[in-house]
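Step one of this worksheet: look at the structure below.
The values are calculated or read from the model by the stated rules, or taken from the named source; none is laboratory data. As the structure is a prediction and not an experimental result, all values here were calculated from the model. Glycine also receives a Cβ, built like all others from the backbone with ideal geometry; neighbour counts cover every protein chain displayed. To get the accessible areas, we keep the full protein, side chains included, count just its heavy atoms, and leave off ligands, DNA and RNA. Shrake-Rupley method; radii C 1.70, N 1.55, O 1.52, S 1.80 Å.
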Amino acid sequence: NMAPRKAIYRPYPQAVPNVFAIDKRGTSPCKAACPTGTSAQGYIALIAEGRYAEALELSRQVNPFTSVCGRVCYHPCETACSRQLLGEEPVSIASLKRFMADWAAEHGDQPVQAAPITREQQVAIVGAGPSGLTAAQDLAKLGYRVTVYEAKPKAGGMLRYGIPDYRLPQAVLDQEIKRITDLGVTILTNTPVNDLDALQQQYQAVLLSVGAHQAPGMRIEGEQLQGVYSAIDYLYRVNSGERPNVGRRVVVVGGGNTAVDAARCSRRLGADVTIVYRRSRAEMPAYAFEVDEAEAEGVELNLLTNPVRILGDGEKVTGVELVRMRLGEPDASGRRSPIPIEGSNYVVEADTVIMAIGQTPDLEFLPGDVQVTRRGTLAFDEASLVTSRAGVFAAGDAATGPRSAVEAIGMGHKAAESIHRYLSGEEKELLPRVDPERVVELDRSEVARQLAEGKVALQPRARMAERPVDERVRDFDEVSLGYTEEQALIEAGRCLACGVCSECYRCVDACKPGAID
């Protein structure tokens with residue numbers, strides 16, 4: 001609906017081989033915004049034509065966790081969506097991603113063929129989270145024998161032990177991990193690594209992707225009382241199938257997604273829950289839609305408030321002393337610094353207190369020559385991801401600190417590229433690079449003209465059905481129910497196709513002589 005500058009053409013008619021090239025308006029903003037470089041416009045175009053299996057295949061070219069990201073991704077692609085130039089909400093890209101994965105699970109997914117081992121070198125990956133598993137998949141496809149060491153009982157990292165089932169059912173995660181093991185990747189669970197030297201004697205390259213599963217304390221009085229949890233440990237227990245007795249009143253300290261997840265889990269365990277956060281709602285790092293869900297489920301927000309000490313009877317928590325805060329000047333993060341208001345202290349009763357104030361990696365098993373930053377994360381070279389020890393690479397939250405799943409996946413691709421370059425000397429692009437100068441920037445007046453001429457139409461965003469609040473807070477079953485096929489087709493039709501060519505690569509796959517460049 002927006003004319004391309006050029007079409008498919010032969011750049012040099014006399015050339016051998018005589019290939020075709022495709023010139024286009026540019027890369028769509030949604031693809032450019034994705035940390036994995038997923039061709040969102042491409043799979044949306046295929047969904048709009050009812051070609052769901054092909055759409056899923058396209059997404060999986062760069063995202064082995066398509067079904068997972070369709071549920072839990074913070075979808076920066078939607079923030080960049082050109083649909084907003086019409087004054088409407090962005091295309092629901094994440095929901096469409098989930099739809100095609102759910103459709104395949106229901107109608108029969110394409111099986112995975114084992115990747116042949118064609119190289120002598122072996123690679124060890126320490127940590128089976130999204131970053132490590134993505135790198136494992138890539139390296140297996142490149143012909144390496146890959147073994148993943150995981151300390152916990154199951155693979156998945158924070159996808160498994162940090163995101164509750166009502167957002168991400170474990171069966172969905174299991175299906176996507178199985179596709180990686182079906183390639184030939186070996187995952188050894190309940191197998192912590194304590195000797196990096198021994199590992200390097202067996203493997204020619206090692207990737208450290210151990211995540212950030214350690215919680216710092218607040219260093220306040222009462223942290224040792226029974227009934228005080230770190231949010232990381234609390235979510236680990238809940239996601240492992242435990243149902244802790246949290247009592248009637250739960251206070252969660254923190255404003256991030258982990259705090260919100262801990263609060264919503266506590267509601268499902270029958271408690272009245274309050275989130276205590278020292279800044280205002282605008283400064284909460286949690287995704288706004290997750291905070292909205294928590295409030296809909298009865299979680300209270302106690303903002304501009306901070307704990308001073310945790311009260312108890314000598315053994316168990318009985319309450320929390322809080323102080324009210326005001327916002328001062330912005331700090332290094334750009335957010336306004338919270339300042340205690342003298343004399344504003346007060347006490348709330350609590351049976352359980354959950355601290356959600358940060359996450360750091362546990363790196364004590366590493367020898368001293370593997371450098372660690374002052375933040376407690378792995379020191380690594382930004383370009384190659386190599387650590388201070390040759391042959392040892394870093395990826396995921398252990399390197400960057402807590403980030404999103406999709407960012408970890410993108411870093412896993414980059415780690416596989418670097419490990420392959422280190423072992424073979426070959427360059428391989430597994431993470432698509434988008435030239436910022438080639439990203440489409442539609443003009444608002446141009447889009448308005450298209451609307452006036454009837455070439456595009458206003459169409460509200462399709463709303464995904466959810467279980468009723470009074471029903472969903474009784475259990476840990478998934479809240480969002482997914483799109484119907486009719487909804488998916490309508491929502492896919494909202495795409496403005498702003499890149500013109502969607503980069504679906506169907507022409508590349510269809511041309512057996514490889515004449516498309």
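Let me make sure I get this right: for the chain, a, b and c are the square roots of the gyration tensor eigenvalues over alpha carbons, sorted descending. Under 1.5 in a/c it's rounded, otherwise prolate if a/b > b/c, else oblate. Which is it? Before the final figure, lay out each step's value.
Numbers: a/c = 1.92, a/b = 1.33, b/c = 1.44.
Because a/c hits 1.5 or more and a/b fails to exceed b/c, the chain counts as oblate.
Give a quick list of GluC sites (Glu not before Pro) in region 119-206 that DSSP marks as loop, anything other than H, G, I, E or B, with at most 10 other Cβ atoms within 10 Å. Spell out each step's value before the answer.
Numbers: sites: 120, 150, 176; in loops: 120, 150.
Passing both the DSSP loop test and the Cβ count: 120.
Taking region 209-286, which trypsin sites (Lys or Arg not before Pro) meet the DSSP loop condition and have no more than 15 other C-beta atoms within 10 Å? Kindly include the intermediate steps, with their values, before the conclusion.
Values: sites: 219, 237, 248, 249, 264, 267, 268, 278, 279, 281; in loops: 219, 248, 278, 279.
Filter output for region 209-286: 219, 248.
If R₀ is 22 angstrom, what is the calculated FRET efficiency for the pair residue 49 and residue 141, using the beta carbon separation as r and rounding to 0.05?
Working: r = 28 Å, r/R0 = 1.26.
Calculated value: 0.20.
Rounded to a whole number, what % of the accessible area of region 424-517 do carbon and sulfur atoms account for, probe 1.4 Å? Please list the in-between numbers first.
Values: 2940 of 5780 Å².
C and S atoms contribute 51 percent here.
Which pairs break 27 Å Cα to Cα here: 178/414; 152/178; 152/316; 97/152?
Numbers: 178/414 22 Å; 152/178 17 Å; 152/316 29 Å; 97/152 29 Å.
From the list (178/414; 152/178; 152/316; 97/152), the Cα-Cα distance tops 27 Å for 152/316; 97/152.
Enumerate cysteines in the chain without a disulfide-compatible partner, where compatibility requires another Cys Cβ under 4.7 angstrom.
If one checks each Cβ against the other cysteines of the chain, 34, 81, 265, 495, 498, 501, 504, 507, 511 turn up with nothing under 4.7 Å.
I want the antiparallel fraction of DSSP beta bridges within the chain, as a percent rounded to 5.
40
Quickly estimate the mean residue ellipticity at 222 nm for the chain, helices only: each DSSP H run with n ≥ 4 gives -39500 (n - 2.57), and the total goes over all residues, rounded to 500.
Details: 19 runs with 165 residues, N = 517.
Result for the chain, helices only: -9000 deg cm²/dmol.
How high is the FRET efficiency between residue 515 and residue 243 when r is their beta carbon distance and R₀ equals 51 Å, given to the nearest 0.05? Mind showing how you got there, number by number?
Values: r = 60 Å, r/R0 = 1.17.
After rounding, the FRET efficiency stands at 0.30.
Per 0.36 nm of contour for each residue apart, how much would the distance between residue 384 and residue 505 grow if the chain were fully extended, relative to their Cα-Cα spacing?
Length gained, residue 384 through residue 505: 40.7 nm.
Would you work out which of 144, 352, 155 lies farthest towards the positive end of the dipole of the chain, given +1 charges on the beta-carbon of Lys and Arg and -1 on that of Asp and Glu, about the Cα centre?
The Cα lying farthest towards the positive end belongs to 144.
Which whole-number value in Å² is the accessible area per residue of the chain, probe 1.4 Å?
Numbers: 23380 Å² over 517 residues.
Value returned for the chain: 45 Å² of accessible area per residue.
Can you return the aspartates and glutamates within cross-link range of residue 31? Criterion is Cα-Cα under 14 Å, with same-chain partners fewer than 8 residues away left out.
The qualifying aspartates and glutamates are 78, 407, 435, 437, 441, 503.
Specify whether the C-alpha gyration tensor of region 340-493 places it in the rounded, prolate or oblate class, a ≥ b ≥ c being the square roots of the eigenvalues: rounded for a/c under 1.5, otherwise prolate if a/b is larger than b/c and oblate if not.
oblate
Taking the alpha-carbon distance from residue 24 and a cut-off under 22 Å, which lysines remain once sequence neighbours fewer than 8 residues away in the same chain are dropped?
Correct list for residue 24: 6, 455.
Based on the mean of other beta carbon atoms within 10 Å per residue, what is the order of 452-465, 177-190, most packed first?
On the way: 452-465: 12.6, 177-190: 17.6.
Result, highest mean Cβ count within 10 Å first: 177-190, 452-465.
Do any trypsin sites (Lys or Arg not before Pro) in region 116-154 lie in a loop, going by DSSP, with at most 16 other beta-carbon atoms within 10 Å of their beta carbon, and if so which?
On the way: sites: 119, 141, 145, 154; in loops: 119, 154.
When the trypsin sites (Lys or Arg not before Pro) of region 116-154 are filtered for loop state and at most 16 Cβ neighbours within 10 Å, 119 remain.
Just to verify a number: FRET efficiency for residue 470 and residue 289, C-beta to C-beta distance, R0 = 22 Å, to 0.05? Write out the running numbers ahead of the final one.
Working: r = 20 Å, r/R0 = 0.91.
After rounding, the FRET efficiency stands at 0.65.
Using Cα pairs under 8 angstrom and six or more residues apart, how large is the relative contact order of the chain, in percent? Let's see the in-between values first.
Details: 1074 pairs, mean separation 115.0, N = 517.
Relative contact order, the chain: 22 percent.
Per 0.36 nm of contour for each residue apart, how much would the distance between residue 113 and residue 490 grow if the chain were fully extended, relative to their Cα-Cα spacing? All intermediate terms of the calculation are to be shown ahead of the outcome.
Numbers: separation 377, 0.36 × 377 = 135.72 nm, distance 3.38 nm.
Value of the extension gain: 132.3 nm.
Using the Cα centre of the chain as origin and beta-carbon charges of +1 (Lys, Arg) and -1 (Asp, Glu), tell me which of 373, 92, 135 is placed farthest towards the positive end of the dipole.
The Cα lying farthest towards the positive end belongs to 92.
What's the carbon and sulfur percent of region 137-184's accessible surface, probe 1.4 angstrom, rounded to a whole number?
On the way: 790 of 1520 Å².
Exposed carbon and sulfur together represent 52 percent of the surface.
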